[in-house]
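Participant: The structure that follows is given in the form of structure tokens.
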Amino acid sequence: MAQRAAQTRRETLIAGMASFAAAAIAPSLALADAAAVEAEIKKLYGDKKVEAGKIKLDVPQIAENGLVVPINIEVESPMTAADHVKSVHVFADGNPLPGIVSYTFTPESGRAAASARMRLAQTQNIICVAEMADGKIFTAKSEVKVTIGGCGG
Amino acid sequence: MSNKPTPRVRVPANAKKDEIVEIKTLISHEMESGQRRAADGKTIPRKIINTFTAAFNGKVFFEATWHPAVSANPYQSMFFRASESGEFAFSWKDDDGSVYESKAKLTVA
């Protein structure tokens with residue numbers, strides 16, 4: 001009897017700990033993954049063909065501070081009325097939310113380039129998708145190793 | 001942050017026709033992601049600047065949609081092809097509905 005009771009207590013304890021851990025982790029660390037990024041891209045472009053190339057995605061290989069990670073994007077394009085970059089979307093596959101930034105360019109932009117600073121929760125891939133005026137879609141991917149995550153508090 | 005966000009913009013004052021100029025912007029804003037928790041365990045509500053637009057003589061030439069993954073005090077740079085003299089208008093839209101604005105003149109020789 002006593003042994004059985006002890007087992008039950010242990011089980012209860014373990015179960016309790018497990019649910020506590022789940023409750024503590026689930027809301028804050030429900031991170032996006034590669035599938036979430038793919039779903040976002042699908043939402044934007046459906047089943048259209050996505051090719052590699054054209055995009056120069058400049059991110060550090062190692063970011064010491066995940067709170068401020070520089071990102072510089074440049075898409076090869078003459079930026080004329082007929083041939084320009086319409087939009088660029090940037091995603092991360094290891095942040096709580098997949099989206100980082102979306103840019104809309106016009107021929108007046110002159111160059112389809114922009115830089116910003118982003119937060120990264122952990123080591124992960126940055127995925128960049130660019131849509132051209134003719135409807136072609138290009139993508140680029142780069143991994144950033146993060147020493148100190150830029151999330152939580 | 002209790003202080004009103006202050007935008008800072010760096011644009012060249014003069015440009016040649018068809019010259020591509022770089023514009024750098026910075027605004028002070030905490031960009032509260034909505035992921036952080038306060039000491040009492042409650043989630044701190046999201047409050048970020050969600051849209052940045054850059055216009056010249058009333059025509060928008062660049063727009064950025066920012067997600068919570070954009071760092072605090074967001075920096076944004078972009079380019080512009082100078083065609084005529086005029087005025088840039090930059091605006092930042094906050095989640096709470098506020099709009100912060102900054103203007104800059106450009107003379108095309």
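Participant: For the residue pair A:T147 and B:K103, what label-to-label distance in nm results when each label sits 7 Å from Cα along the Cα-to-beta-carbon direction?
Facilitator: Each label point lies 7 Å from its Cα, and together they span 4.5 nm.
Participant: Moving to a separate point now. To the nearest 0.05, what FRET efficiency results for A:D47 and B:T51 with a Förster distance of 45 Å applied to their C-beta separation? Before the final figure, lay out the partial values.
Facilitator: Numbers: r = 29 Å, r/R0 = 0.64.
Computed FRET efficiency for A:D47 and B:T51 comes out at 0.95.
Participant: Across the residues of A:98-104, average count of Cβ atoms on other protein chains within 10 Å?
Facilitator: Neighbouring Cβ atoms belonging to other protein chains average 6 per residue here.
Participant: Now a separate question. Mind checking which aspartates and glutamates have their C-alpha under 19 Å from A:K86, skipping anything on the same chain fewer than 8 residues away?
Facilitator: Straight-line reach from A:K86, under 19 Å: A:E40, A:D47, A:E51, A:E74, A:E76, A:E108, A:E131, A:D134, B:E22, B:E63.
Participant: Quick one: which residues, 5+ away or cross-chain, put their amide H under 5 Å from the amide H of A:Q124? H built at 1.01 Å from N.
Facilitator: Residues meeting the criterion, in which the H sits 1.01 Å from N, are A:V144, A:V146.
Participant: Still on this model: For peptide B:54-65, what's the mean number of Cβ atoms from other chains within 10 Å of each residue's Cβ?
Facilitator: For this peptide, the per-residue mean of nearby foreign Cβ atoms is 4.
Participant: If you average the alpha carbon positions of the range A:41-69 and of the range B:9-40, how far apart do those two centres end up, in angstrom?
Facilitator: First find each Cα centre; the distance between them is then 20 Å.
Participant: In addition: Normalised by the residues of the range B:7-108, what does the relative contact order come to in percent, with Cα pairs under 8 Å and at least six apart?
Facilitator: RCO, the range B:7-108: 34 percent.
Participant: On to the next question. What number, rounded to the nearest 500 deg cm²/dmol, is the helix-based mean residue ellipticity at 222 nm of the protein assembly as shown, given -39500 (n - 2.57) per DSSP H run of at least four residues and division by all its residues?
Facilitator: Rounded to the nearest 500, it is -5000 deg cm²/dmol.
Participant: Who wins for biggest fluctuation among B:T25, B:T43, B:T53 in a Gaussian network model of chain B, springs between alpha carbons below 10 Å?
Facilitator: Ranking B:T25, B:T43, B:T53 by mean-square fluctuation puts B:T43 first.
Participant: Using the Karplus curve 6.51 cos²θ - 1.76 cosθ + 1.60 with θ = phi - 60°, what ³J(HN,Hα) values do you get for each residue of the range A:31-43, in whole Hz, with x for Gly and Pro?
Facilitator: 7, 6, 9, 4, 5, 5, 5, 4, 5, 5, 5, 5, 4
Participant: Relative contact order (percent) for the range A:31-148, with alpha-carbon contacts under 8 angstrom and 6 or more residues of separation?
Facilitator: Computed over the range A:31-148, the figure is 35 percent.
Participant: Could you work out the local net charge near B:A104, counting Lys and Arg as +1, Asp and Glu as -1, over the other residues with Cβ closer than 12 Å to its Cβ? Let's see the in-between values first.
Facilitator: Working: positive: B:R8, B:R10, B:K24, B:K103, B:K105; negative: B:E87, B:E101.
Around B:A104, the surrounding residues sum to +3.
Participant: A:V75: net charge of surrounding residues, Cβ under 15 Å, Lys/Arg +1, Asp/Glu -1, itself excluded?
Facilitator: -1
Throughout, read-outs are computed from the coordinates displayed, never taken from laboratory work. Here the structure is a predicted model, which means the values were calculated and not measured. Quick reminder, even Gly has a Cβ in these numbers, built from the backbone with ideal geometry, and neighbours come from all protein chains shown.
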